[in-house]
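See structure below.
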Amino acid sequence: KGALIAIGTEDATYVNSPNLAQEKGMSATVSSEAECEDYRSMICLRAAFSNGARVEVDATLMGIRKVEKIIRINKFDIELPPSDHLLFLIYEDKPGVVGAVGNILGAAKINIANMQVARDKAGGEALMALTVDSAIPIEFTEKIAKEVGARVSRSVSLLV
């Protein structure tokens, strides 16, 4: 449902989402496994886009209060609560990236609620995932990507 709403299908519901997704050329499969190695329960979203890009996102409910957390994006382990407005960057791990992102968002009066940074190795590929209090205009996403040399930069608004 959330993915369909994000691409402009406002009438998406949990009941009609599979049919709407199929109409838009998307396919969905549901599977379950009896055991999950690290978590009591986990949901995995795998998406392939027409340009060849692929994304994998894993989420779970954590603790006794069952707090929703995004726990992995592609190969990067993180712990981020889902939010209405998010920013994702993939870039070369180097000093100054966190500060540069904070400065640009601060100048735009966009408040950072949560931030997680993960990397495959020192100086290797890194992921920054943020939740923010308001939508990030595309010009600021582009400015951040240029400033930090991000290979991937995506701002996402999931108003459900």
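Taken over region 93-132, the criterion of being in contact with a Lys or Arg (Cβ under 8 Å, 6 or more places away or on another chain) and exposed (fewer than 15 other Cβ atoms within 10 Å of the Cβ) is satisfied by ASP120, GLY123. Here ALA100 does not fit the description of being assigned to a strand (DSSP E or B) and aliphatic (A, V, I, L, M). The residue list LEU89, LEU61 contains one member that is modelled with pLDDT under 95 and part of a strand (DSSP E or B), which is LEU61.
Summed over region 133-142, the residues that are under 10 Å from SER155 (Cα atoms) and of a type in the set (D, E, K, R) give a count of 1. Evaluating GLY52 against the criteria (1) touching a Phe, Trp or Tyr at 6+ places or on another chain (Cβ under 8 Å); (2) over 22 Å from ALA122 (Cα atoms); (3) not charged (D, E, K, R) leaves one unmet condition, (1). Scanning region 114-132 turns up no residue that is in a loop (DSSP other than H, G, I, E, B), within 15 Å of SER155 (Cα to Cα), touching a Ser or Thr at 6+ places or on another chain (Cβ under 7 Å) and of a type in the set (Val, Ile, Thr).
The values are calculated or read from the model by the stated rules, or taken from the named source; none is laboratory data. Values in this document were obtained by computation on a predicted structure and should not be read as measured data. FYI the Cβ positions are ideal-geometry reconstructions off the backbone, even for glycines, and counts take in every protein chain you see.
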